1. Quick check: anything in the range 106-115 touching a Ser or Thr at 6+ places or on another chain (Cβ under 8 Å), within 23 Å of GLN46 (Cβ to Cβ) and open to solvent by 20 Å² or more (accessible area, probe 1.4 Å)?
2. Would you be able to say whether some residue in the range 43-50 is surrounded by 15 or more Cβ atoms within 10 Å (Cβ to Cβ) and either within 29 Å of THR187 (Cβ to Cβ) or charged (D, E, K, R) (or both)?
3. Looking at the range 1-31, which of its residues are over 14 Å from ARG146 (Cβ atoms) and among the charged types (D, E, K, R)?
4. For the range 219-236, how many residues meet the condition of being closer than 15 Å to LYS248 by Cβ and either open to solvent by 60 Å² or more (accessible area, probe 1.4 Å) or not in a loop (DSSP other than H, G, I, E, B) (or both)?
5. When the residues of the range 135-159 are narrowed to those that are charged (D, E, K, R) and open to solvent by less than 60 Å² (accessible area, probe 1.4 Å), which ends up farthest from GLY53 (Cα to Cα)?
6. Go through the range 1-56 and give me each residue that's modelled with pLDDT of 95 or more and basic (Lys, Arg).
7. Do any helices (runs of 4 or more DSSP H) entirely within the range 122-212 hold 3 or more residues that are under 22 Å from ALA40 (Cα atoms) and of a type in the set (D, E, K, R), and if so, which?
8. Determine whether ALA68 is closer than 25 Å to LEU194 by Cα, among the small types (Gly, Ala, Ser) and surrounded by fewer than 20 Cβ atoms within 10 Å (Cβ to Cβ).
Amino acid sequence: MLSAEVDGKYTALQHILKEMQSLVIGYSGGVDSTLLLKVAVNQLGQNALAMIGRSETYPTREFEEALALAQSIGARYEIVRTEETDEIKFQENPPDRCYYCKTELFGKLRDIANREGVRWIADGTITDDLGDFRPGMRARSEGDVRSPLLEAGFSKEDVRELSRHLGLPTWDKPSFACLSSRFPYGTPILRENLTRVDAAETFLRDHGFRRFRVRFHDNSTARVEVDPTEIARLVQQPFREELVTHLKELGFTYVTLDLQGYRTGSMNEVLTEGEKREALGDGKPAAGNGH
């Protein structure tokens, strides 16, 4: 049974979507956008369209899972190539990198909405995102993007509770972030290096790890983060040697393990509060770590 609070938010979300009548959703297969898509399809049927952006920044397994989920939900979807890696500012990888990525994504969403005669474009922003370091939120405001989950007051905990109630397999899925978040700010983001990181993380995923990152510190060095409870499994033989061999085949000379373990936003730990405020573009103090 849903808690009374989440049940009320669920009702509000259904009313918001009915009022919208039609929408194009930026869909990644993550816990938030999957819930939004599920409820939108239930309320609007074919008037809810999912756009799955495809680029080197999107992990291969995440794309495959998103596609399968959209099909299982019965959603109408469209796969669109996004070109954020062609944007010079994005390639330079400044602290507000996400702004340029989201601007590209929302532009593609708007193109589809205009073509389909749909009034609204939407994303999976929730209340938790408001207190996090997310420069992409500026692009959301500029792009006239609706966030139905946010409008209904959903937190991450609420999203997981309702997702479980609706039988969505994403209800306990770990947080997702695009592969560009694996690079230190100022390190150029190149397609070939995104592909290397994707292959490294796919190896960990295919061996049963659920919470992980492979951080690209330079052409020679990879820093592996896994959940602290899984560090012992990672360093056991023969897996440790298999992982090192695989990452060396991908071109890394040094394969390091972060003893602090997996955490979102570890690349943001070097930013000062001033740098965060500048990246957010609003002059307000930034909280949280992002991805």
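1. Narrowing the range 106-115 to residues touching a Ser or Thr at 6+ places or on another chain (Cβ under 8 Å): 108.
From what's left, within 23 Å of GLN46 (Cβ to Cβ): 108.
Among the residues that remain, those that are also open to solvent by 20 Å² or more (accessible area, probe 1.4 Å) are: 108.
Among the residues of the range 106-115, at least one is touching a Ser or Thr at 6+ places or on another chain (Cβ under 8 Å), within 23 Å of GLN46 (Cβ to Cβ) and open to solvent by 20 Å² or more (accessible area, probe 1.4 Å), which makes the answer yes.
2. First, pick out the residues of the range 43-50 that are surrounded by 15 or more Cβ atoms within 10 Å (Cβ to Cβ): 43-44, 47-50.
Retained after the next criterion (residues that are either within 29 Å of THR187 (Cβ to Cβ) or charged (D, E, K, R) (or both)): none.
No: zero hits.
3. Once the filter is applied, which keeps residues that are over 14 Å from ARG146 (Cβ atoms) and among the charged types (D, E, K, R), the range 1-31 yields GLU5, ASP7, LYS9.
4. First, the residues of the range 219-236 that are closer than 15 Å to LYS248 by Cβ: 219-224.
Filter once more, keeping what is either open to solvent by 60 Å² or more (accessible area, probe 1.4 Å) or not in a loop (DSSP other than H, G, I, E, B) (or both): 219, 221-224.
Total meeting the criteria: 5.
5. Applying the first criterion (charged (D, E, K, R)) to the range 135-159 yields 138, 140, 142, 144, 146, 151, 156-158.
Retained after the next criterion (residues that are open to solvent by less than 60 Å² (accessible area, probe 1.4 Å)): 140, 146, 156, 158.
Working: ARG140: 16, ARG146: 18, LYS156: 23, ASP158: 26 Å.
Checking each candidate, the answer is ASP158.
6. LYS9, LYS18, LYS38
7. Working: elements: 136-142, 148-151, 156-165, 191-206.
So the answer is 156-165.
8. Values: closer than 25 Å to LEU194 by Cα: yes; among the small types (Gly, Ala, Ser): yes; surrounded by fewer than 20 Cβ atoms within 10 Å (Cβ to Cβ): yes.
Against the criterion (closer than 25 Å to LEU194 by Cα, among the small types (Gly, Ala, Ser) and surrounded by fewer than 20 Cβ atoms within 10 Å (Cβ to Cβ)), ALA68 qualifies.
The values are calculated or read from the model by the stated rules, or taken from the named source; none is laboratory data. Predicted model, so just to flag it, every value in this text is computed and none were measured. As a convention, Cβ positions derive from the backbone with ideal geometry for all residues, glycine included, and neighbour counts pool all protein chains shown. To get the accessible areas, we keep the full protein, side chains included, count just its heavy atoms, and leave off ligands, DNA and RNA. Shrake-Rupley method; radii C 1.70, N 1.55, O 1.52, S 1.80 Å.
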